Amino acid sequence: MEPLESHEHDVIVIGAGGAGLRAAIEASAKGCKVGLVCKSLLGKAHTVMAEGGIAAALAHVDPQDGWQTHFKDTMKGGSFLNHWRMAQLHAQEAPDRVRELEQWGALFDRTPDGRILQRAFGGHTWKRLAHVGDRTGLEMIRTLQDRGVHQGLDVYMECTITKLFTDGGRISGALGYYRPTGKFVLFRCRAVVIATGGVGKSYRITSNSWEYTGDGQSLAYRAGAELIDMEFLQFHPTGMVWPPGVMGVLVTEGVRGEGGILRNSQGERFMWKYLPEARRHEYAADETEAHTWVEAAVEGKQTEARRPPELSTRDNVARAIYTEVREGRGTPHGGAFLDISYMPAERVIRKLPSMYHQFMELADVDITKQPMEVGPTTHYMMGGIRVEPDTGAATVPGLFAAGEASAGMHGANRLGGNSLSDLVVFGQRAGAGAAAYAMDQVGNPAISDAEVEAEVRDLLAPLERGSGESPYDVHRALQECMDRNVGIFRVREDLELALRELVSLNDRAGRVRVTGSRVFNPGWHLARDLRNMLLVSEAITRAALLRTESRGAHSRLDFPALDPGLGKVNMCVKQTSGSMHVAPTPLPEMPAELKALFEAAPQPAPQPAGKSS
Ligand SMILES: Cc1cc2nc3c(=O)[nH]c(=O)nc-3n(C[C@H](O)[C@H](O)[C@H](O)COP(=O)(O)OP(=O)(O)OC[C@H]3O[C@@H](n4cnc5c(N)ncnc54)[C@H](O)[C@@H]3O)c2cc1C
């Protein structure tokens with residue numbers, strides 16, 4: 001085997017999005033030698049795409065807000081499957097983390113008296129999202145990156161981690177390769193923080209970037225960690241459906257907040273048909289009332305009118321569009337029309353500049369003159385690595401996780417804006433947890449040479465095979481399988497079919513062939529990523545089969561109601577004797593003082609949705 005580049009650190013953080021950067025800064029501040037490894041360039045992580053804002057009960061715009069209401073909104077949004085302690089810590093600590101970002105240089109939009117401005121968002125009772133126009137994620141990444149670089153982190157860019165090693169059950173290191181050269185690199189360490197983000201690339205239509213291949217969830221699972229809530233995948237209702245190259249790119253919720261109307265191919269404004277009976281009273285009764293609400297919202301005036309039906313919850317709007325298409329009332333490219341062109345063009349361009357440019361440049365559609373075509377897009381993974389709330393510790397000693405790769409915070413559905421705050425609250429906690437663990441260890445755990453050699457052999461196999469299928473064909477087949485069988489609506493027969501197809505796809509993935517060398521070879525990278533996407537797809541499908549109810553983002557056509565018994569458990573995925581096993585595990589009991597918050601006086605109706613998350 002070629003000589004290996006090797007590095008030694010106390011803590012290795014995998015992933016340089018909001019969660020990874022915040023974890024690395026914290027571990028370094030606690031005195032650890034920290035290595036930060038990321039698959040793309042520093043500053044290019046998925047977090048950079050976040051638009052709408054970061055949720056924190058700063059109470060700058062609505063002084064009635066407080067952590068208790070944020071906690072309650074989050075638990076209700078998650079159908080009470082969230083880990084109560086995570087929701088509590090998140091609500092309590094998000095304001096401090098946002099103020100910290102400001103102290104580190106983030107320039108948030110301002111109130112007239114100079115404080116951080118906050119905007120309304122679906123599911124949040126009060127105006128709660130601190131933001132920087134519609135590029136909050138960019139400002140956040142820039143701030144954290146500057147802070148991290150000055151903190152003295154060792155950054156390994158364009159480096160993909162493919163395996164974690166353990167010694168006597170404890171984390172001992174990781175192997176990766178540099179994407180530009182294909183050279184392998186070994187990291188020896190005492191603790192690893194996984195902050196690798198989500199899983200969207202297992203689906204064809206997704207708002208997620210190429211990096212979201214479920215690497216962290218798979219690395220953790222293979223090292224013996226537990227995954228939970230994998231059945232809960234959020235489908236954002238409005239992604240682009242045309243042209244094919246940009247299918248799934250997000251269309252901000254702000255379009256609907258600014259008065260965007262959803263219609264089917266017959267011109268019907270269909271969202272009224274889909275409002276849940278229990279909540280119908282919160283929405284406008286007709287077009288006139290909806291229009292009055294929009295006019296008042298845009299001008300910042302109070303009104304008695306109720307909001308338009310398009311501002312129903314994300315899961316509901318996504319299901320409605322999907323149903324219209326399935327029943328033959330879809331647009332030419334298989335979506336719904338989202339129309340804001342009835343508004344003055346100047347107003348559309350002023351309020352939705354990014355959307356105007358996005359459609360003009362990517363689809364040759366002028367949204368001031370024509371409707372957009374939109375459809376649901378795979379957006380966010382609520383499930384992931386099970387962690388201990390206070391420290392981010394996974395169920396393997398020395399392994400920690402934070403951000404979208406971890407689970408527990410959002411339960412069955414995430415509220416918009418709650419991801420960016422999750423990243424900094426639990427990034428900070430996981431960094432502190434990993435540092436405390438690493439400093440407590442005596443001696444350096446070992447990495448077995450044989451295991452390293454086996455991993456390298458495995459990685460090189462697709463390049464050395466004389467024949468075999470292209471990994472791109474297997475990836476396409478996987479995405480079609482997941483879109484078709486494990487999408488917004490699920491039934492037992494489809495899920496079982498998906499499991500059978502996954503067996504054969506796994507077999508095909510084990511025999512793929514890649515031509516060319518190791519030097520920047522995307523086909524070779526995909527051959528590796530495929531294994532991870534297949535693993536998380538199996539976890540999603542198995543957990544979805546077991547959850548025989550409809551809750552949050554998980555809709556079973558064959559089990560359309562809530563099952564109170566299943567409201568008390570997470571589906572837990574674990575490797576046992578080389579096979580994947582899924583079983584319900586009980587949710588921790590919420591303490592009485594937090595339960596009492598839900599018995600207090602009823603809250604006002606949630607704010608209408610504003611900008612997208
Ligand atoms: C278009 C869009 C808009 C959004 N807007 C909002 C919003 O306004 N508010 C909100 O709260 N949420 C929003 N979200 C969700 C939010 O942006 C993400 O959930 C969040 O940024 C995830 O951050 P993270 O730190 O967990 O992961 P990421 O930011 O994705 O970072 C993952 C990191 O892991 C690295 N990585 C992955 N695999 C490996 C590997 N094998 N080896 C080494 N490195 C690896 C990547 O290179 C990257 O550095 C939005 C999402 C999208 C798609």
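The values are calculated or read from the model by the stated rules, or taken from the named source; none is laboratory data. Keep in mind it's a predicted model, so treat the numbers as computed, not measured. Cβ placement follows ideal geometry from the backbone for every residue including glycine, while neighbour counts extend to all protein chains displayed. Just so you know, the surface numbers come from the protein's heavy atoms only, side chains and all, with ligands and any DNA or RNA stripped out. Shrake-Rupley method; radii C 1.70, N 1.55, O 1.52, S 1.80 Å.
May I ask you to work out the translational diffusion coefficient for the range 71-166 at 4 °C, viscosity 1.567 mPa s, via Stokes-Einstein with Rh from the Kirkwood sum over Cα pairs, reported in whole µm²/s?
Rounded to a whole number, D works out at 80 µm²/s.
Counting only residues at least eight positions apart within a chain, or on another chain, the lysines with an alpha carbon under 27 Å from that of Lys30 are Lys39, Lys44, Lys163.
Relative to its Kirkwood radius, the Cα radius of gyration of the chain gives an Rg/Rh of 0.96. Please give the helix 314-326 orientation as an angle from the longest Cα principal axis of the chain, in degrees from 0 to 90, rounded to the nearest 10. Around 80 degrees separate the two axes. Here's the list of lysines a cross-link from Lys76 could span, going by alpha-carbon distance under 18 Å and ignoring same-chain residues fewer than 8 apart: Lys127, Lys568, Lys595. Of all DSSP-defined beta bridges confined to the chain, some 65% are antiparallel rather than parallel.
Working note: Debye formula, equal point scatterers on the alpha-carbon atoms of the range 323-415, no solvent; log10 I(q)/I(0) at q = 0.15, 0.17, 0.23, 0.26 Å⁻¹ is -0.75, -0.81, -1.06, -1.20. From the largest down, the range 382-436 spans 32, 18, 14 angstrom on the principal axes of its Cα atoms. For the range 194-256, the share of accessible area belonging to carbon and sulfur comes to 59 percent (1.4 Å probe, ligands and nucleic acids excluded). Which whole-angstrom value gives the distance between the alpha carbon centres of the range 350-392 and the range 52-101? If we compute the Cα centre of each part, the gap is 23 Å. The C-alpha atoms of the chain define a longest principal axis, and helix 492-509 lies at about 40 degrees to it. Surface composition of the range 75-130: carbon and sulfur make up 51 percent of the accessible area, probe 1.4 Å. The residues of the chain expose on average 37 square angstrom of accessible surface per residue, using a 1.4 Å probe on protein heavy atoms.
Comparing Cα centroids, the range 1-43 and the range 505-549 end up 25 angstrom apart. How much net charge surrounds Thr181 when only other residues with a Cβ under 11 Å from its Cβ are counted (Lys, Arg +1; Asp, Glu -1)? After counting each charged neighbour, the total is +1. Multiplying each eigenvalue of the alpha-carbon gyration tensor of the range 103-255 by 5 and taking the square root yields semi-axes of 33, 23, 17 Å, largest first, rounded to whole angstroms. The orientation-averaged shadow of the Cα convex hull for the range 401-559, equal to a quarter of the hull surface, comes to 12.8 nm².
Work out the charge dipole of the chain with +1 on the Cβ of Lys and Arg and -1 on the Cβ of Asp and Glu about the Cα centre, then indicate which of Thr111, Ala174, Thr74 is farthest towards its positive end. Towards the positive end, the residue furthest out is Ala174.
Electrostatic bookkeeping for Gly567 treats Lys and Arg as +1 and Asp and Glu as -1; over the other residues with beta carbon under 9 Å from its beta carbon, the sum is 0.
Across the accessible surface of the range 275-371, with the other protein chains kept in place and a 1.4 Å probe, carbon and sulfur atoms take up 52 percent.
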